[in-house]
1. Can you pull out the residues in region 31-75 that are in a helix (DSSP H, G or I) and of a type in the set (D, E, K, R)?
2. Find all pairs meeting these conditions: Cβ atoms under 9 angstrom apart; at least six residues apart or on different chains; first residue within region 57-71 and of a type in the set (Gly, Ala, Ser); second residue surrounded by 12 or more Cβ atoms within 10 Å (Cβ to Cβ).
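The values are calculated or read from the model by the stated rules, or taken from the named source; none is laboratory data. Nothing here was measured: the structure is a model prediction, and the numbers come from that model. Methodologically, a virtual Cβ is constructed for each residue, glycine included, from the backbone with ideal geometry; neighbour enumeration extends over all protein chains shown.
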Amino acid sequence: MSRKAAIPRAGPARKSTIGRPRILTDEQVVAIMAWHDARSVWRAQRAAVKTLRQFAKEMGVTHGTITYVIRRRGELKQASPDKRDEEAQVRRGLT
């Protein structure tokens, strides 16, 4: 059995009338392709950003700590280690 080589078509693809009828409108197809393009861009950008676990490892803390800080919007109970002495003096009324 010999196979025919694919013949390159000139112009747009022909629309077949054989088979099951389409359920998608042209507008839906355009919307799907726009969504796919946007998702492809998002995936490319996502590859350039570190994951939460990678960032936590780089910072030397657990991913739970990072999540906690995000959930609290950076408002933590205790002062930063580099400002702890100043905060202690303010609380004691020395300043």
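1. Matches in region 31-75: 37, 39, 43, 46, 53, 57, 58, 71.
2. Correct list of pairs: 64/56.
Let's see how each residue does on (1) over 30 Å from residue 64 (Cα atoms); (2) modelled with pLDDT of 90 or more:
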residue	(1), (2)
4	yes, no
11	yes, no
17	yes, no
28	yes, no
34	yes, yes
47	no, no
51	no, no
